[in-house]
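Remarks on the structure that follows.
The values are calculated or read from the model by the stated rules, or taken from the named source; none is laboratory data. Remember, it's a predicted structure, so these values are computed and weren't measured experimentally. Neighbour counts run over all protein chains shown; Cβ positions are idealised from the backbone, glycine included.
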Amino acid sequence: MATTSTRLMTFEEFEKLPDHPHGLRYELRHGEPILLPPPIHGHNVTQLRLLDLLRRTAGDARRVSMEMGFRPLPEYEYWVADVALVTKACWDSIPWKGHLSGSPELVIEVRSPSNTVAKMRDRRKLCLETGSREFWVVDVDLREVEVSTADGRAVIYKSGQQIPLFFGGRIAVDEIFS
């Protein structure tokens, strides 16, 4: 029985992929280019709420971005966070024509049909191993937020609760879903 050997795509090769004709985007996951479906309106609304809430709380010392590209590992990875937070110093160090090396301090993923449990587990693990202090999974249907930390803890916050932010302040779960 013959086997087909597959070769991992490098980031350099990934950067040379042509733009998708319908404006869709790719991520490079473990050396494999993955075409991402466009987010639905509710996904974007949730991202914008998180962006606003974090910007109000983060102050001038941190930068918050939506759809932020980053390279958790240098060779075979390029991911896009739904929402990300980094220090101002980190933000200012990102090359103008480049991407963040490593993972943002905070990575937030809003659950969608393409975000399987296995995918979220993989993303969480690698982000927390490559610089993230926290990794959040926001589930709009369940109206809850799972916050995982680099020390291996995970807490699920629900309606009526507030999420403590590692840099100070809190975000009420209900504000994310209102």
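Name the single residue that is farthest from CYS127 (Cα to Cα) among those in region 55-80 being in a strand (DSSP E or B) and in contact (Cβ under 8 Å) with a residue 40 or more places away in the chain.
Filtering region 55-80 down to residues in a strand (DSSP E or B) leaves 62-71, 78-80.
Next cut, in contact (Cβ under 8 Å) with a residue 40 or more places away in the chain only: 62, 71, 78-80.
Numbers: ARG62: 18, ARG71: 10, TYR78: 12, TRP79: 10, VAL80: 11 Å.
Taking the candidates together, the pick is ARG62.
If you go through region 16-40 one residue at a time, how many are basic (Lys, Arg) and either surrounded by fewer than 14 Cβ atoms within 10 Å (Cβ to Cβ) or modelled with pLDDT under 90 (or both)?
2
Could you figure out which of (1) within 16 Å of LEU53 (Cα to Cα); (2) in contact with a Lys or Arg (Cβ under 9 Å, 6 or more places away or on another chain); (3) at pLDDT below 95 isn't true of LYS119?
(1)
Hey, can you tell me all the residues within region 28-47 that are of a type outside the set (Lys, Arg), touching a residue at least 24 places away in the same chain (Cβ under 8 Å) and either part of a loop (DSSP other than H, G, I, E, B) or farther than 30 Å from GLU175 by Cα (or both)?
Across region 28-47, the qualifying residues are LEU28, HIS30, GLY31, GLU32, PRO33, PRO37, PRO39, ILE40.
Of the numbered conditions (1) of a type in the set (Lys, Arg); (2) part of a loop (DSSP other than H, G, I, E, B); (3) under 18 Å from PHE167 (Cβ atoms), LYS97 satisfies every one except a single condition; which is it?
Checking LYS97 against (1) of a type in the set (Lys, Arg); (2) part of a loop (DSSP other than H, G, I, E, B); (3) under 18 Å from PHE167 (Cβ atoms), the one that fails is (3).
Hey, among the residues in region 81-94 that are part of a strand (DSSP E or B) and surrounded by 16 or more Cβ atoms within 10 Å (Cβ to Cβ), which one's nearest to the chain's Cα centre (by Cα)? Break it down stepwise before answering.
Residues of region 81-94 part of a strand (DSSP E or B): 81-87.
When the remaining residues are screened for being surrounded by 16 or more Cβ atoms within 10 Å (Cβ to Cβ), the result is 81-86.
Details: ALA81: 2, ASP82: 5, VAL83: 6, ALA84: 6, LEU85: 9, VAL86: 12 Å.
Result: ALA81.
For region 85-99, give me the residue count where each residue is aromatic (Phe, Trp, Tyr) and free of Cβ contacts under 8 Å to residues at least 12 places away in the same chain.
1
Which residue is nearest to TYR76 (Cα to Cα), if the candidates are limited to region 100-112 and must be in contact (Cβ under 8 Å) with a residue 40 or more places away in the chain and part of a loop (DSSP other than H, G, I, E, B)?
GLU105
With the checklist (1) within 30 Å of PHE167 (Cβ to Cβ); (2) in a helix (DSSP H, G or I); (3) at pLDDT below 95 in hand, flag the one item GLU13 doesn't pass.
(1)
Before we move on, is LEU165 farther than 28 Å from PRO74 by Cβ and touching a helix residue (DSSP H, G or I) at 6+ places or on another chain (Cβ under 8 Å)?
Taking the combined requirement at face value, the residue satisfies it.
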